[in-house]
Amino acid sequence: MKMFPFRTAFVVTFALAMTSLCQAQQNATPPVPQAPASSQAQPPVAPAQAVPAAPAAADPAAVPAESKLLNPVTAMHDMSPWSMFQSADVVVKAVMIGLALASLVTWTIFIAKMIEMSLAQRRLRTALRKIGESRSLAEAQFALGAKQGVLPSLLAVAMREARLSAGISSDAGIKERAASSFAEIVRAEARRIRLGMGMLATIGATSPFVGLFGTVWGIMNSFIGIAKSQTTNLAVVAPGIAEALLATALGLVAAIPAVIIYNHFARVTKGYLELVGRASGASARLLSRDLDRLYVSSPGGAHSRAAE
């Protein structure tokens, strides 16, 4: 029982000694990694040698270029069609302006021809309906009044030919001469109604090639810029190529409506010329009635007709 305090004191003393030894070792170990820490702190100084790159970034000419490349809002604004047009080459600008004018001409012709064709078809249909029950050229002219148009012109030509051929007994010759005059009027009306169609065909056929020329010119300038800058960075190449492709887009914008409008008016013109043919036939029939009526009413006409 007397040995217990001694053992307890020995254990406590041994524990304190071990604790102090561990603390001493812990206090002695930190200086060892501190030496490498000081040596490892030196390599970051090496990147500090890249500090001379700061004057290049401070260049006022370089900062806007970087900001343009890194700022998506500015890049999107600079790549708008108007900005691309302003920054394009003179030749590409001329191509774009020409294609825009061609598109304007196309839509102007479309509006003008729509109004012209609608009025002409309605006027001719109304005139044909008015003379549908007429028995003679004079009655048909009275039904139409003093209106202008292809049908009044045909009736006037028929009346003039009948008047100039008075005293001639050959009805076939009168009808042949009248038919020749009718054909001239129909051809003149066809030429008049087709005005502007050639322009539409030209725009529809040449606009894609004009736009392609602008594209080739713009891409050629882009390659020249690549050679001068000695870089293949997409940010440098893309604007020039986009400007070039804008010319092709404008060419298609001008050509596609022109082709569609041309085909539409080709069908409408064909229908209108069929109405003109009907008017020519109606005039020829009225002339034939007048000639037959004049032949019957002339002295000896009925006897000669019966003899035939």
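The values are calculated or read from the model by the stated rules, or taken from the named source; none is laboratory data. Keep in mind that what you see is a predicted model, and the values were worked out from it rather than measured. In this analysis, Cβ positions are derived from the backbone assuming ideal geometry, glycine residues included, and neighbour counts consider all displayed protein chains.
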Six or more apart or on different chains, Cβ atoms under 7 Å: show the pairs whose first residue is in the stretch 190-204 and closer than 11 Å to Val259 by Cα and whose second is β-branched (Val, Ile, Thr) and surrounded by 14 or more Cβ atoms within 10 Å (Cβ to Cβ). Met199/Val105; Met199/Ile109; Leu200/Thr106; Leu200/Ile109; Leu200/Ile261; Ile203/Val105; Ile203/Thr106; Gly204/Val259
Looking at the stretch 266-284, can you tell me whether even one residue there is among the hydroxyl-bearing types (Ser, Thr, Tyr) and surrounded by fewer than 14 Cβ atoms within 10 Å (Cβ to Cβ)? no
Mind checking which residues of the stretch 194-217 are crowded, with 21+ Cβ neighbours inside 10 Å and closer than 18 Å to Leu273 by Cβ? Leu200
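Of the residues that sit in the stretch 170-182 and are of a type in the set (Ser, Thr, Tyr) and either modelled with pLDDT under 90 or more than 16 Å from Leu137 (Cα to Cα) (or both), which one is surrounded by the fewest Cβ atoms within 10 Å (Cβ to Cβ)? Give the derivation first.
So in the stretch 170-182, the residues of a type in the set (Ser, Thr, Tyr) come out as 170, 180-181.
Filter once more, keeping what is either modelled with pLDDT under 90 or more than 16 Å from Leu137 (Cα to Cα) (or both): 170, 180.
On the way: Ser170: 9, Ser180: 11.
In this case the residue turns out to be Ser170.
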Which numbered condition Met220 misses (of (1) modelled with pLDDT of 90 or more; (2) within 29 Å of the chain's Cα centre (by Cα)): (1)
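In the stretch 271-308, what residues are small (Gly, Ala, Ser), touching a helix residue (DSSP H, G or I) at 6+ places or on another chain (Cβ under 8 Å) and at pLDDT below 65? Show your work before the answer.
Step one: list which residues in the stretch 271-308 are small (Gly, Ala, Ser), which gives 271, 277, 279-284, 288, 297-298, 300-302, 304, 306-307.
Among the residues that remain, those that are also touching a helix residue (DSSP H, G or I) at 6+ places or on another chain (Cβ under 8 Å) are: 271, 277, 279-280, 282-284, 288, 301-302.
Of everything in the stretch 271-308, those that are small (Gly, Ala, Ser), touching a helix residue (DSSP H, G or I) at 6+ places or on another chain (Cβ under 8 Å) and at pLDDT below 65 turn out to be Gly301, Ala302.
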Take the conditions buried (at least 17 other Cβ atoms within 10 Å of the Cβ) and either out of contact with any strand residue (DSSP E or B) (no Cβ under 6 Å at 6 or more places or on another chain) or at pLDDT 85 or above (or both) and apply them to Gly167. Does it pass? no
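Which residues, taken from the stretch 207-252, are among the polar types (S, T, N, Q) and either without any contact (Cβ under 8 Å) to a residue 12 or more places away in the chain or over 24 Å from Val105 (Cβ atoms) (or both)?
Filtering the stretch 207-252 down to residues among the polar types (S, T, N, Q) leaves 207, 215, 221-222, 229-233, 248.
Hits for the stretch 207-252 are Asn221, Ser222, Ser229, Gln230, Thr231, Thr232, Asn233.
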Ala244 fails exactly one of the following numbered conditions: (1) assigned to a helix (DSSP H, G or I); (2) modelled with pLDDT under 85; (3) under 34 Å from the mean Cα position of the chain (by Cα); (4) surrounded by fewer than 17 Cβ atoms within 10 Å (Cβ to Cβ). What is the number of that condition? (4)
